[in-house]
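Read-outs throughout are calculated quantities, based only on the coordinates presented, and are distinct from any laboratory measurement. Note that the coordinates shown come from a computational prediction; the quantities given were computed from them, not determined experimentally. Don't worry about glycine lacking a Cβ; one is built from the backbone with ideal geometry, like all the others, and counts go over all protein chains shown.
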Amino acid sequence: MAAIFPKSSDLILKVAGAVAGLGLVAAVAAYAYYSYPTVIDTGYQPVQPVPYSHKLHAGDMGMDCFYCHYTVYKAAFAAVPPTQVCMNCHTKVKDTSPRLELVRESFRTGQAIPWVQIHRLPDFVFFNHQAHVTAGVSCVSCHGRIDQMVEVRQEKPLNMAFCLECHRDPAPNIRPVELVTKLDWVPDRDPREIGQEIINQKHLNPPLVCSGCHR
């Protein structure tokens, strides 16, 4: 019996399937890069269990970000301060305020305050705070003017396009390391020039390959 389809049909189907598969992968990758998540979570501002004001502490009082988030310059993650850090001041300052009862209870019982995480990257993304902070990337670049926020919100999209934009052109976001937590810093000249000088001095070369962030 004669074959209904020529022998070349198998090859054609395989090639067509491969092309279709690659096309689907490319379409998904393009969608992820250009569309997701461009605005998802931007503006996210959950209610926290304790009404902590970054504007009061970091802005008006001038507390350094490192005092509470003390791991960012030496570890991949930014520590949520334990209650002891709060009580370093609040054993004396507003020590009877009803707004801080949960803080005092946490200190008495050892149970952590259930802070709501705001800035969250997908599990498949590797981000190292130490690498960025020690390179001279300020908190402002990713978190905005936290020192002006009574209630913290997610200011930047923190998506792949956002990260790659900086990795491709990091100079505007690089400043002297000692000014990383000076969120109101105003450069005395073009910040790009300052950043480029530091990049040249430190031989900074942010990765653009997939394995730089996906490990």
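Between His90 and Arg108, what is the spin-label point distance in nm, taking each point 7 Å from the Cα along the Cα→C-beta axis?
So the two model labels end up 1.4 nm from each other.
Pull out a ≥ b ≥ c, the square roots of the eigenvalues of the alpha-carbon gyration tensor of region 58-107, then state rounded if a/c is under 1.5, prolate if not and a/b is larger than b/c, and oblate in the remaining case.
Oblate, because a/c is 1.5 or more while a/b does not exceed b/c.
What does the extension gain come out to for Asp190 and Gln117, with contour length at 0.36 nm per residue minus their alpha carbon separation?
Contour length minus Cα-Cα distance gives 22.8 nm.
Using the Karplus equation 6.51 cos²θ - 1.76 cosθ + 1.60 (θ = phi - 60°), what ³J(HN,Hα) coupling, rounded to whole Hz, does each residue of region 59-74 give in order, writing x for Gly and Pro?
x, 5, 8, x, 5, 6, 4, 5, 4, 9, 9, 7, 9, 5, 9, 9
Listed highest first by mean packing, meaning other Cβ atoms within 10 Å per residue, what order do 140-152, 189-201 come in?
140-152, 189-201
By how many nm would the segment from Ser97 to Val150 lengthen if fully extended, with 0.36 nm per residue of separation less the alpha-carbon distance?
Gain on extension, Ser97 to Val150, equals 17.3 nm.
For the pair Gln48/Asn200, report the inter-label distance in nm, with labels modelled 7 Å from Cα in the Cβ direction.
Computed distance between label sites Gln48 and Asn200 equals 4.1 nm.
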